[in-house]
Amino acid sequence: MNEWWKKSVVYQIYPRSFKDSNGDGFGDLQGIIEKLDYLKELGIDVIWISPVFDSPQDDNGYDIRDYRKIYYKYGTNQDMDDLIACAHEKGIKVVLDLVVNHTSDEHEWFMESFRSKDNPYSDYYFWKDGKSDGSEPNNWGSNFCGSAWEYAEQRGQYYLHFYTRKQPDLNWENPKVRQEVYDIMEYWFAKGVDGWRMDVIASISKYTDFPDYPEEPGKKYYTGNMHSNGPRLHEYLQEMNREVLSKHDCIAVGEAPGSTAEMARLFSDPKRKELNMIFTFEHMNIDRVPGSVNRKWALRPFDLTELKKVMSEWQKQLYGCGWNALYFENHDQPRIISRWGNDTTYREECAKAFATVLHGMQGTPYIYQGEEIGMTNVHYQLEEYDDVEVHNAYRELVQTQKSICKEDFLKAVWNKSRDNARVPMQWDDSENAGFTTGTPWFKVSDRYKEINVKKALANKNSVFYYYQKLIQLRHTQEILTEGDYTLLLPDDKELFVYERKWQQKKWLIVANMSEQENRMDQLRPFIDGAKKMIISNYHRDTLPHILKPYEAFIVEMEA
Ligand code: NOJ
(Lines give C-alpha, C1' and ligand atoms only; values in the text may rest on other atoms or scores of the structure.)
Protein backbone atom coordinates (compact mmCIF):
# COMPACT_ATOMS: atom_id res chain seq x y z
CA MET A 1 0.00 0.00 0.00
CA ASN A 2 1.34 3.41 -0.81
CA GLU A 3 2.17 5.72 2.02
CA TRP A 4 -0.13 8.55 0.92
CA TRP A 5 -0.22 9.93 4.44
CA LYS A 6 3.41 10.99 4.09
CA LYS A 7 2.46 13.62 1.53
CA SER A 8 -0.78 14.57 3.24
CA VAL A 9 -1.76 17.49 5.41
CA VAL A 10 -4.45 16.75 7.99
CA TYR A 11 -7.01 19.29 9.21
CA GLN A 12 -8.54 18.66 12.63
CA ILE A 13 -12.20 19.50 13.18
CA TYR A 14 -13.62 19.94 16.66
CA PRO A 15 -17.18 19.37 15.52
CA ARG A 16 -19.17 21.09 18.24
CA SER A 17 -17.31 24.34 17.48
CA PHE A 18 -16.86 24.13 13.72
CA LYS A 19 -20.15 24.98 12.02
CA ASP A 20 -23.74 24.73 13.15
CA SER A 21 -26.16 24.05 10.28
CA ASN A 22 -29.49 23.94 12.14
CA GLY A 23 -29.37 26.84 14.56
CA ASP A 24 -29.19 24.84 17.79
CA GLY A 25 -25.90 26.50 18.70
CA PHE A 26 -23.92 23.27 18.40
CA GLY A 27 -21.75 22.36 15.43
CA ASP A 28 -22.84 19.34 13.38
CA LEU A 29 -22.01 17.02 10.51
CA GLN A 30 -24.07 18.97 7.97
CA GLY A 31 -22.07 22.01 9.03
CA ILE A 32 -18.87 20.17 8.15
CA ILE A 33 -20.34 19.20 4.77
CA GLU A 34 -21.10 22.89 4.12
CA LYS A 35 -17.48 23.77 4.68
CA LEU A 36 -15.79 21.05 2.64
CA ASP A 37 -15.27 23.42 -0.27
CA TYR A 38 -13.49 25.81 2.04
CA LEU A 39 -11.19 23.01 3.16
CA LYS A 40 -10.66 21.97 -0.44
CA GLU A 41 -9.55 25.49 -1.22
CA LEU A 42 -7.11 25.39 1.65
CA GLY A 43 -5.77 22.26 0.02
CA ILE A 44 -5.76 19.77 2.90
CA ASP A 45 -5.98 16.05 2.16
CA VAL A 46 -7.54 14.57 5.27
CA ILE A 47 -9.98 15.68 7.95
CA TRP A 48 -9.73 14.24 11.43
CA ILE A 49 -12.98 14.76 13.29
CA SER A 50 -12.93 14.67 17.11
CA PRO A 51 -15.50 12.19 18.53
CA VAL A 52 -19.00 12.45 17.14
CA PHE A 53 -20.43 9.32 18.75
CA ASP A 54 -23.29 9.10 21.21
CA SER A 55 -22.07 10.42 24.54
CA PRO A 56 -23.24 12.17 27.70
CA GLN A 57 -20.55 14.76 26.85
CA ASP A 58 -18.89 14.80 30.23
CA ASP A 59 -15.60 15.34 28.39
CA ASN A 60 -17.04 16.71 25.15
CA GLY A 61 -17.48 13.34 23.51
CA TYR A 62 -14.28 11.70 24.73
CA ASP A 63 -16.67 9.64 26.86
CA ILE A 64 -18.52 7.36 24.46
CA ARG A 65 -21.82 5.67 25.23
CA ASP A 66 -22.37 4.01 21.87
CA TYR A 67 -19.56 3.67 19.33
CA ARG A 68 -21.89 2.87 16.46
CA LYS A 69 -24.27 5.76 16.82
CA ILE A 70 -23.78 9.43 15.99
CA TYR A 71 -24.60 11.80 18.87
CA TYR A 72 -27.96 13.36 18.06
CA LYS A 73 -26.71 16.93 18.19
CA TYR A 74 -24.21 16.09 15.46
CA GLY A 75 -26.91 14.53 13.29
CA THR A 76 -27.61 10.95 12.26
CA ASN A 77 -25.63 7.97 10.99
CA GLN A 78 -26.96 8.90 7.57
CA ASP A 79 -25.34 12.33 7.92
CA MET A 80 -22.05 10.59 8.57
CA ASP A 81 -22.50 8.47 5.45
CA ASP A 82 -23.21 11.65 3.52
CA LEU A 83 -20.20 13.41 4.97
CA ILE A 84 -17.88 10.54 4.04
CA ALA A 85 -19.33 10.43 0.51
CA CYS A 86 -19.08 14.20 -0.02
CA ALA A 87 -15.55 14.35 1.35
CA HIS A 88 -14.45 11.47 -0.85
CA GLU A 89 -16.02 13.09 -3.88
CA LYS A 90 -13.79 16.08 -3.25
CA GLY A 91 -10.73 13.92 -2.70
CA ILE A 92 -10.66 14.46 1.06
CA LYS A 93 -10.11 11.50 3.36
CA VAL A 94 -11.92 11.10 6.68
CA VAL A 95 -10.30 10.07 9.94
CA LEU A 96 -12.34 9.44 13.09
CA ASP A 97 -11.32 9.50 16.73
CA LEU A 98 -10.96 6.11 18.40
CA VAL A 99 -11.46 6.60 22.13
CA VAL A 100 -10.91 3.14 23.57
CA ASN A 101 -8.71 3.61 26.60
CA HIS A 102 -12.03 4.25 28.33
CA THR A 103 -15.74 4.44 27.64
CA SER A 104 -18.48 6.50 29.22
CA ASP A 105 -19.87 5.13 32.48
CA GLU A 106 -23.17 5.16 30.59
CA HIS A 107 -21.91 2.64 28.04
CA GLU A 108 -23.86 -0.62 28.33
CA TRP A 109 -20.66 -2.58 29.03
CA PHE A 110 -19.95 -0.47 32.08
CA MET A 111 -23.52 -0.48 33.30
CA GLU A 112 -23.41 -4.28 33.25
CA SER A 113 -19.91 -4.43 34.72
CA PHE A 114 -20.99 -2.13 37.54
CA ARG A 115 -23.90 -4.34 38.49
CA SER A 116 -22.06 -7.39 39.84
CA LYS A 117 -18.84 -9.36 39.90
CA ASP A 118 -20.31 -12.27 37.99
CA ASN A 119 -21.68 -11.02 34.74
CA PRO A 120 -20.16 -11.28 31.27
CA TYR A 121 -18.88 -7.70 31.37
CA SER A 122 -17.45 -7.92 34.87
CA ASP A 123 -13.84 -7.72 33.75
CA TYR A 124 -14.27 -5.33 30.85
CA TYR A 125 -12.95 -2.68 33.26
CA PHE A 126 -10.45 -2.57 36.13
CA TRP A 127 -12.10 -3.35 39.43
CA LYS A 128 -10.07 -3.60 42.63
CA ASP A 129 -10.71 -3.92 46.32
CA GLY A 130 -9.67 -1.02 48.51
CA LYS A 131 -6.64 -1.18 50.83
CA SER A 132 -7.21 -2.78 54.24
CA ASP A 133 -8.34 0.59 55.64
CA GLY A 134 -10.88 0.86 52.84
CA SER A 135 -8.96 3.58 50.98
CA GLU A 136 -8.24 3.54 47.22
CA PRO A 137 -6.25 0.56 45.85
CA ASN A 138 -3.24 2.80 45.15
CA ASN A 139 -2.23 6.47 44.93
CA TRP A 140 -2.76 6.92 41.21
CA GLY A 141 -4.38 10.21 40.30
CA SER A 142 -6.81 11.12 37.57
CA ASN A 143 -5.42 13.38 34.84
CA PHE A 144 -8.30 15.67 35.73
CA CYS A 145 -7.43 15.83 39.48
CA GLY A 146 -8.36 13.67 42.45
CA SER A 147 -7.96 9.91 42.69
CA ALA A 148 -8.05 7.67 39.63
CA TRP A 149 -10.30 5.30 41.59
CA GLU A 150 -14.00 5.62 42.28
CA TYR A 151 -15.84 3.46 44.78
CA ALA A 152 -18.96 1.66 43.53
CA GLU A 153 -21.30 0.61 46.30
CA GLN A 154 -22.96 -2.13 44.26
CA ARG A 155 -19.79 -4.13 43.74
CA GLY A 156 -18.09 -2.98 46.91
CA GLN A 157 -15.04 -2.24 44.77
CA TYR A 158 -13.21 0.61 43.11
CA TYR A 159 -12.96 1.11 39.37
CA LEU A 160 -10.12 2.82 37.56
CA HIS A 161 -10.51 6.06 35.59
CA PHE A 162 -7.53 8.02 34.26
CA TYR A 163 -9.88 10.88 33.33
CA THR A 164 -13.24 11.85 34.91
CA ARG A 165 -15.19 9.38 36.98
CA LYS A 166 -17.54 9.15 34.04
CA GLN A 167 -14.70 7.72 31.91
CA PRO A 168 -13.89 4.25 33.30
CA ASP A 169 -10.77 2.63 31.80
CA LEU A 170 -11.27 -0.44 29.66
CA ASN A 171 -9.40 -3.59 30.56
CA TRP A 172 -7.35 -4.44 27.48
CA GLU A 173 -5.98 -7.53 29.23
CA ASN A 174 -9.34 -9.06 28.40
CA PRO A 175 -9.24 -10.40 24.80
CA LYS A 176 -12.99 -9.83 24.49
CA VAL A 177 -12.46 -6.11 25.00
CA ARG A 178 -9.86 -6.03 22.28
CA GLN A 179 -12.17 -7.87 19.91
CA GLU A 180 -14.97 -5.39 20.66
CA VAL A 181 -12.61 -2.57 19.66
CA TYR A 182 -11.62 -4.28 16.43
CA ASP A 183 -15.30 -4.80 15.60
CA ILE A 184 -15.99 -1.11 16.10
CA MET A 185 -13.11 -0.22 13.82
CA GLU A 186 -14.38 -2.60 11.15
CA TYR A 187 -17.88 -1.17 11.44
CA TRP A 188 -16.60 2.29 10.49
CA PHE A 189 -14.12 1.01 7.90
CA ALA A 190 -17.09 -0.61 6.19
CA LYS A 191 -18.69 2.85 6.07
CA GLY A 192 -15.65 4.18 4.28
CA VAL A 193 -13.52 5.91 6.89
CA ASP A 194 -9.86 6.23 6.02
CA GLY A 195 -8.25 5.83 9.39
CA TRP A 196 -8.08 6.61 13.06
CA ARG A 197 -6.63 9.03 15.51
CA MET A 198 -6.26 6.97 18.65
CA ASP A 199 -6.95 8.74 21.91
CA VAL A 200 -4.34 8.24 24.69
CA ILE A 201 -3.35 4.99 23.06
CA ALA A 202 -0.17 4.72 25.12
CA SER A 203 -2.37 4.14 28.18
CA ILE A 204 -4.21 1.04 27.00
CA SER A 205 -1.69 -1.30 28.64
CA LYS A 206 -1.61 -0.90 32.43
CA TYR A 207 0.84 -1.96 35.10
CA THR A 208 -1.57 -4.51 36.47
CA ASP A 209 0.23 -4.94 39.77
CA PHE A 210 -0.88 -1.33 40.35
CA PRO A 211 2.14 -0.16 42.37
CA ASP A 212 1.99 3.11 44.32
CA TYR A 213 4.02 6.04 43.04
CA PRO A 214 6.74 7.08 45.53
CA GLU A 215 5.35 9.69 47.92
CA GLU A 216 6.26 13.37 47.76
CA PRO A 217 5.41 16.11 50.23
CA GLY A 218 2.18 18.01 49.54
CA LYS A 219 0.78 15.42 47.13
CA LYS A 220 -1.83 12.75 47.66
CA TYR A 221 -2.45 11.41 44.17
CA TYR A 222 0.09 11.08 41.39
CA THR A 223 0.14 10.89 37.64
CA GLY A 224 3.28 9.86 35.82
CA ASN A 225 5.03 7.14 33.92
CA MET A 226 2.78 4.40 35.28
CA HIS A 227 -0.14 6.02 33.46
CA SER A 228 1.20 5.09 30.07
CA ASN A 229 3.40 2.72 28.09
CA GLY A 230 2.50 -0.40 30.04
CA PRO A 231 4.24 -3.72 29.38
CA ARG A 232 1.80 -5.07 26.78
CA LEU A 233 1.27 -1.88 24.78
CA HIS A 234 3.23 -2.87 21.70
CA GLU A 235 1.86 -6.38 21.73
CA TYR A 236 -1.67 -4.93 21.64
CA LEU A 237 -0.84 -2.53 18.84
CA GLN A 238 0.74 -5.27 16.78
CA GLU A 239 -2.35 -7.37 17.29
CA MET A 240 -4.58 -4.48 16.24
CA ASN A 241 -2.44 -3.94 13.19
CA ARG A 242 -2.61 -7.61 12.25
CA GLU A 243 -6.32 -7.98 12.91
CA VAL A 244 -7.57 -4.68 11.48
CA LEU A 245 -5.23 -1.96 10.25
CA SER A 246 -3.21 -4.10 7.85
CA LYS A 247 -6.40 -4.99 6.02
CA HIS A 248 -7.16 -1.39 5.08
CA ASP A 249 -5.44 1.36 3.17
CA CYS A 250 -5.59 3.72 6.12
CA ILE A 251 -3.79 6.11 8.40
CA ALA A 252 -3.30 5.39 12.11
CA VAL A 253 -2.00 8.08 14.41
CA GLY A 254 -1.77 7.53 18.13
CA GLU A 255 -1.86 10.09 20.88
CA ALA A 256 1.02 9.06 23.11
CA PRO A 257 1.61 11.15 26.21
CA GLY A 258 4.73 10.17 28.10
CA SER A 259 6.60 8.97 25.02
CA THR A 260 10.09 10.04 24.06
CA ALA A 261 11.44 10.22 20.52
CA GLU A 262 13.15 6.91 21.06
CA MET A 263 9.87 5.32 22.10
CA ALA A 264 8.19 6.86 19.05
CA ARG A 265 10.26 4.56 16.87
CA LEU A 266 8.62 1.56 18.50
CA PHE A 267 5.21 2.84 17.48
CA SER A 268 6.04 4.10 14.02
CA ASP A 269 8.83 2.01 12.56
CA PRO A 270 7.06 0.34 9.61
CA LYS A 271 8.96 -2.86 10.24
CA ARG A 272 7.22 -3.27 13.59
CA LYS A 273 3.73 -3.01 12.08
CA GLU A 274 1.99 -0.87 14.68
CA LEU A 275 0.94 2.70 13.87
CA ASN A 276 2.08 5.20 11.25
CA MET A 277 2.96 7.97 13.69
CA ILE A 278 2.26 9.34 17.16
CA PHE A 279 1.56 12.74 18.64
CA THR A 280 4.32 13.73 21.01
CA PHE A 281 3.75 15.87 24.10
CA GLU A 282 7.39 16.65 24.71
CA HIS A 283 7.44 19.93 22.78
CA MET A 284 4.10 20.99 24.29
CA ASN A 285 5.36 20.50 27.84
CA ILE A 286 8.34 22.83 27.69
CA ASP A 287 6.42 25.62 29.41
CA ARG A 288 5.50 23.45 32.40
CA VAL A 289 7.28 23.42 35.74
CA PRO A 290 8.22 19.74 35.99
CA GLY A 291 6.73 17.92 38.98
CA SER A 292 4.79 20.95 40.25
CA VAL A 293 1.73 20.25 42.40
CA ASN A 294 -0.05 22.75 40.16
CA ARG A 295 0.56 20.56 37.10
CA LYS A 296 0.06 22.27 33.74
CA TRP A 297 -1.11 25.43 35.48
CA ALA A 298 2.39 26.12 36.83
CA LEU A 299 3.86 28.17 34.01
CA ARG A 300 7.47 28.38 32.91
CA PRO A 301 8.52 31.05 30.38
CA PHE A 302 8.84 29.91 26.79
CA ASP A 303 12.40 29.07 25.77
CA LEU A 304 12.95 28.74 22.04
CA THR A 305 16.17 26.76 22.49
CA GLU A 306 14.23 24.11 24.37
CA LEU A 307 11.58 23.90 21.63
CA LYS A 308 14.28 23.53 18.97
CA LYS A 309 16.04 20.85 20.99
CA VAL A 310 12.94 18.72 21.45
CA MET A 311 11.61 19.04 17.91
CA SER A 312 15.03 18.39 16.40
CA GLU A 313 15.49 15.31 18.54
CA TRP A 314 12.23 13.88 17.11
CA GLN A 315 13.33 14.78 13.58
CA LYS A 316 16.64 12.99 14.07
CA GLN A 317 15.41 9.93 15.92
CA LEU A 318 12.69 9.08 13.43
CA TYR A 319 14.58 9.78 10.21
CA GLY A 320 14.53 6.63 8.11
CA CYS A 321 12.90 4.48 10.79
CA GLY A 322 9.61 6.11 11.75
CA TRP A 323 7.47 9.14 11.06
CA ASN A 324 6.51 12.36 12.83
CA ALA A 325 3.06 13.83 13.42
CA LEU A 326 3.75 17.58 13.33
CA TYR A 327 1.53 19.88 15.32
CA PHE A 328 1.40 22.99 17.47
CA GLU A 329 -2.34 23.11 18.09
CA ASN A 330 -5.25 20.81 18.72
CA HIS A 331 -8.39 20.77 20.85
CA ASP A 332 -6.29 20.21 24.01
CA GLN A 333 -3.81 23.00 23.42
CA PRO A 334 -4.10 26.77 23.46
CA ARG A 335 -3.44 28.84 20.34
CA ILE A 336 0.27 28.81 19.61
CA ILE A 337 0.64 32.50 18.72
CA SER A 338 -0.95 33.52 22.03
CA ARG A 339 1.02 30.95 23.97
CA TRP A 340 4.54 31.44 22.63
CA GLY A 341 4.34 34.27 20.16
CA ASN A 342 2.57 37.53 19.52
CA ASP A 343 -1.16 37.65 18.89
CA THR A 344 -1.51 41.44 18.54
CA THR A 345 0.96 43.62 16.62
CA TYR A 346 2.55 40.74 14.72
CA ARG A 347 -0.31 38.27 14.81
CA GLU A 348 -0.20 37.36 11.13
CA GLU A 349 3.58 37.36 10.81
CA CYS A 350 3.83 35.20 13.90
CA ALA A 351 1.20 32.71 12.73
CA LYS A 352 3.07 32.35 9.45
CA ALA A 353 6.42 31.96 11.23
CA PHE A 354 5.14 29.06 13.35
CA ALA A 355 3.59 27.52 10.25
CA THR A 356 6.88 27.78 8.34
CA VAL A 357 8.85 26.12 11.11
CA LEU A 358 6.37 23.25 11.38
CA HIS A 359 5.65 22.61 7.72
CA GLY A 360 9.33 22.69 6.82
CA MET A 361 9.94 19.55 8.87
CA GLN A 362 9.64 15.88 8.04
CA GLY A 363 6.33 14.30 9.06
CA THR A 364 2.64 14.74 8.49
CA PRO A 365 1.47 18.25 9.47
CA TYR A 366 -1.79 18.68 11.39
CA ILE A 367 -3.64 21.99 11.23
CA TYR A 368 -6.25 22.65 13.90
CA GLN A 369 -9.41 24.52 12.89
CA GLY A 370 -8.80 28.27 13.01
CA GLU A 371 -5.02 27.93 13.09
CA GLU A 372 -5.07 28.66 9.36
CA ILE A 373 -6.51 32.12 9.99
CA GLY A 374 -4.45 32.87 13.10
CA MET A 375 -7.16 32.53 15.76
CA THR A 376 -6.11 33.54 19.27
CA ASN A 377 -6.66 32.62 22.93
CA VAL A 378 -9.58 34.11 24.83
CA HIS A 379 -9.68 35.77 28.25
CA TYR A 380 -12.93 34.79 29.94
CA GLN A 381 -14.03 34.88 33.57
CA LEU A 382 -13.72 31.54 35.35
CA GLU A 383 -17.47 30.92 35.40
CA GLU A 384 -17.54 31.26 31.62
CA TYR A 385 -15.23 28.30 31.02
CA ASP A 386 -16.77 25.02 29.98
CA ASP A 387 -13.95 22.49 30.29
CA VAL A 388 -14.21 19.91 33.07
CA GLU A 389 -10.42 20.09 33.39
CA VAL A 390 -10.53 23.78 34.37
CA HIS A 391 -13.31 23.35 36.93
CA ASN A 392 -11.78 20.26 38.55
CA ALA A 393 -8.38 21.93 38.77
CA TYR A 394 -9.92 25.08 40.29
CA ARG A 395 -11.67 23.07 42.99
CA GLU A 396 -8.61 21.00 43.84
CA LEU A 397 -5.73 23.46 43.47
CA VAL A 398 -7.32 26.81 44.38
CA GLN A 399 -10.10 25.86 46.76
CA THR A 400 -8.96 22.70 48.53
CA GLN A 401 -5.19 22.54 48.32
CA LYS A 402 -4.67 26.32 48.06
CA SER A 403 -1.43 25.75 46.18
CA ILE A 404 -2.18 28.52 43.67
CA CYS A 405 -4.24 31.71 44.15
CA LYS A 406 -7.28 32.45 42.05
CA GLU A 407 -5.60 35.30 40.13
CA ASP A 408 -2.61 33.18 39.10
CA PHE A 409 -4.87 30.28 38.24
CA LEU A 410 -6.99 32.49 36.00
CA LYS A 411 -3.87 33.80 34.26
CA ALA A 412 -2.77 30.21 33.67
CA VAL A 413 -6.21 29.38 32.28
CA TRP A 414 -5.96 32.29 29.83
CA ASN A 415 -2.63 30.95 28.74
CA LYS A 416 -3.12 27.18 28.79
CA SER A 417 -6.78 26.19 28.97
CA ARG A 418 -8.06 23.76 26.36
CA ASP A 419 -11.08 26.02 25.94
CA ASN A 420 -8.86 28.50 24.09
CA ALA A 421 -9.06 26.15 21.15
CA ARG A 422 -12.70 25.25 21.63
CA VAL A 423 -14.38 28.60 21.08
CA PRO A 424 -16.54 28.64 17.95
CA MET A 425 -14.80 28.89 14.60
CA GLN A 426 -14.82 32.43 13.26
CA TRP A 427 -16.34 32.35 9.79
CA ASP A 428 -17.28 35.99 9.26
CA ASP A 429 -18.07 39.23 11.04
CA SER A 430 -21.80 38.62 11.44
CA GLU A 431 -23.38 37.81 14.78
CA ASN A 432 -21.74 34.81 16.49
CA ALA A 433 -18.99 34.91 13.89
CA GLY A 434 -21.23 33.08 11.41
CA PHE A 435 -20.89 29.90 13.48
CA THR A 436 -24.59 29.64 14.31
CA THR A 437 -27.84 31.51 13.84
CA GLY A 438 -28.84 30.39 17.34
CA THR A 439 -27.16 30.77 20.70
CA PRO A 440 -23.67 29.24 20.58
CA TRP A 441 -22.93 26.53 23.14
CA PHE A 442 -19.78 28.45 24.07
CA LYS A 443 -19.02 32.15 23.97
CA VAL A 444 -17.51 33.42 20.72
CA SER A 445 -14.17 35.25 20.95
CA ASP A 446 -14.60 39.01 20.98
CA ARG A 447 -11.96 39.28 18.24
CA TYR A 448 -14.12 37.65 15.56
CA LYS A 449 -14.72 40.87 13.62
CA GLU A 450 -10.99 41.27 13.16
CA ILE A 451 -10.11 37.57 12.69
CA ASN A 452 -12.40 35.50 10.50
CA VAL A 453 -12.42 33.31 7.40
CA LYS A 454 -14.28 35.78 5.20
CA LYS A 455 -11.64 38.42 5.83
CA ALA A 456 -8.81 35.97 5.32
CA LEU A 457 -10.20 34.82 1.98
CA ALA A 458 -10.48 38.40 0.77
CA ASN A 459 -6.84 39.23 1.45
CA LYS A 460 -4.27 37.49 -0.70
CA ASN A 461 -1.60 38.09 1.93
CA SER A 462 -3.55 36.43 4.72
CA VAL A 463 -2.42 33.59 6.94
CA PHE A 464 -4.87 31.38 5.04
CA TYR A 465 -3.10 31.81 1.70
CA TYR A 466 0.26 31.29 3.34
CA TYR A 467 -0.95 27.93 4.63
CA GLN A 468 -2.35 27.17 1.19
CA LYS A 469 1.10 27.71 -0.30
CA LEU A 470 2.82 25.62 2.36
CA ILE A 471 0.39 22.79 1.69
CA GLN A 472 1.09 22.97 -2.05
CA LEU A 473 4.80 22.73 -1.27
CA ARG A 474 4.17 19.65 0.87
CA HIS A 475 2.43 18.06 -2.10
CA THR A 476 5.01 18.87 -4.70
CA GLN A 477 8.42 19.04 -3.03
CA GLU A 478 10.00 15.73 -2.17
CA ILE A 479 12.65 17.44 -0.11
CA LEU A 480 9.98 18.21 2.51
CA THR A 481 8.89 14.62 2.85
CA GLU A 482 12.19 12.86 2.25
CA GLY A 483 15.00 15.27 3.05
CA ASP A 484 17.22 14.93 6.10
CA TYR A 485 17.28 17.56 8.80
CA THR A 486 20.03 19.53 10.49
CA LEU A 487 19.38 22.12 13.17
CA LEU A 488 21.61 25.18 12.91
CA LEU A 489 22.30 27.71 15.68
CA PRO A 490 20.87 25.49 18.45
CA ASP A 491 21.70 28.04 21.17
CA ASP A 492 20.26 31.09 19.47
CA LYS A 493 17.36 32.33 21.58
CA GLU A 494 15.52 34.06 18.74
CA LEU A 495 16.20 32.26 15.49
CA PHE A 496 14.84 28.85 14.51
CA VAL A 497 17.00 27.76 11.59
CA TYR A 498 17.43 24.39 9.99
CA GLU A 499 18.48 22.80 6.78
CA ARG A 500 16.82 20.08 4.72
CA LYS A 501 18.76 18.13 2.12
CA TRP A 502 17.56 15.68 -0.46
CA GLN A 503 19.47 14.43 -3.48
CA GLN A 504 20.80 17.54 -5.23
CA LYS A 505 18.65 19.96 -3.28
CA LYS A 506 19.27 21.98 -0.14
CA TRP A 507 16.72 24.20 1.57
CA LEU A 508 17.26 26.54 4.47
CA ILE A 509 14.32 27.24 6.76
CA VAL A 510 14.70 30.46 8.73
CA ALA A 511 12.38 32.02 11.29
CA ASN A 512 12.93 34.92 13.64
CA MET A 513 10.68 33.88 16.50
CA SER A 514 10.89 37.22 18.28
CA GLU A 515 9.59 40.76 18.13
CA GLN A 516 13.10 42.14 17.69
CA GLU A 517 14.74 42.83 14.37
CA ASN A 518 17.69 40.57 13.84
CA ARG A 519 20.84 41.55 11.95
CA MET A 520 21.42 38.01 10.81
CA ASP A 521 25.11 38.08 11.80
CA GLN A 522 24.97 34.53 13.07
CA LEU A 523 23.29 33.41 9.87
CA ARG A 524 25.98 34.67 7.47
CA PRO A 525 27.95 31.43 7.29
CA PHE A 526 24.87 29.57 6.11
CA ILE A 527 23.33 31.93 3.60
CA ASP A 528 26.08 32.07 1.04
CA GLY A 529 24.80 30.67 -2.21
CA ALA A 530 21.11 31.40 -1.83
CA LYS A 531 19.43 30.48 -5.13
CA LYS A 532 15.74 31.03 -4.89
CA MET A 533 13.17 32.20 -2.36
CA ILE A 534 10.57 29.45 -1.96
CA ILE A 535 8.22 31.20 0.46
CA SER A 536 8.52 34.32 2.60
CA ASN A 537 6.12 35.90 5.07
CA TYR A 538 7.44 39.40 4.21
CA HIS A 539 6.97 38.85 0.44
CA ARG A 540 10.64 38.87 -0.38
CA ASP A 541 12.28 37.57 -3.54
CA THR A 542 15.80 37.85 -2.23
CA LEU A 543 17.44 37.47 1.14
CA PRO A 544 16.96 40.41 3.51
CA HIS A 545 19.82 42.17 5.32
CA ILE A 546 17.83 42.40 8.51
CA LEU A 547 15.18 40.01 9.71
CA LYS A 548 11.97 41.76 10.69
CA PRO A 549 9.90 40.68 13.72
CA TYR A 550 8.66 37.13 13.18
CA GLU A 551 10.11 37.10 9.70
CA ALA A 552 10.28 33.62 8.21
CA PHE A 553 11.21 32.13 4.88
CA ILE A 554 12.39 29.05 3.08
CA VAL A 555 15.19 29.56 0.61
CA GLU A 556 16.81 27.16 -1.82
CA MET A 557 20.60 27.05 -1.55
CA GLU A 558 23.43 25.90 -3.78
CA ALA A 559 23.76 22.29 -2.77
C1 NOJ B 1 -7.09 13.08 25.07
C2 NOJ B 1 -8.11 13.92 24.36
O3 NOJ B 1 -7.48 14.59 23.32
C4 NOJ B 1 -8.72 14.82 25.41
O5 NOJ B 1 -9.50 15.84 24.86
C6 NOJ B 1 -9.49 13.97 26.37
O7 NOJ B 1 -9.94 14.75 27.44
C8 NOJ B 1 -8.64 12.84 26.93
N9 NOJ B 1 -7.79 12.23 25.96
C10 NOJ B 1 -9.51 11.76 27.49
O11 NOJ B 1 -10.15 11.09 26.44
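The values are calculated or read from the model by the stated rules, or taken from the named source; none is laboratory data. Only a predicted model underlies this, so the values are computations on that prediction, with no experimental measurement involved. Here the Cβ is made from the backbone with ideal geometry for all residues, glycine too, and neighbour counts use every protein chain on show. To get the accessible areas, we keep the full protein, side chains included, count just its heavy atoms, and leave off ligands, DNA and RNA. Shrake-Rupley method; radii C 1.70, N 1.55, O 1.52, S 1.80 Å.
Observations on the model:
- Full-stretch length increase - Glu239, Asp129 - with 0.36 nm per residue and alpha-carbon distance subtracted: 36.6 nm
- Lysines with Cα under 27 Å of Lys406, excluding same-chain neighbours fewer than 8 positions away: Lys166, Lys219, Lys220, Lys296, Lys416, Lys443
- With all protein chains in place and a 1.4 Å probe, the accessible surface of the chain carries 46 percent carbon and sulfur.
- Of Lys7/Lys271; Lys455/Lys501; Lys352/Lys455, pairs whose Cα-Cα distance is over 27 Å: Lys455/Lys501
- Computed FRET value (nearest 0.05) for Thr305 with Asn2, which takes r as the C-beta separation and R₀ as 51 Å: 0.85
- In terms of distances greater than 32 angstrom between alpha carbons, the cross-link table entries Lys309/Lys454; Lys128/Lys316; Lys93/Lys273 yield Lys309/Lys454; Lys128/Lys316.
- Hydrodynamic radius by Kirkwood, which averages 1/r over all alpha carbon pairs of segment 164-300, in angstrom: 16.6 Å
- The residues of the chain present an accessible area of 38 Å² per residue when probed at 1.4 Å with all protein chains retained.
- Diffusion constant of segment 456-559 at 20 °C, which comes from Stokes-Einstein with the Kirkwood Cα-pair radius and 1.002 mPa s, µm²/s: 149 µm²/s
- Protection proxy ranking of 138-144, 236-242 - average other beta-carbon atoms within 10 Å, highest first: 138-144, 236-242
- Note on the chain: helix-only mean residue ellipticity at 222 nm, from DSSP H runs of 4+ residues weighted -39500 (n - 2.57) and normalised by residue number, equals -7500 deg cm²/dmol.
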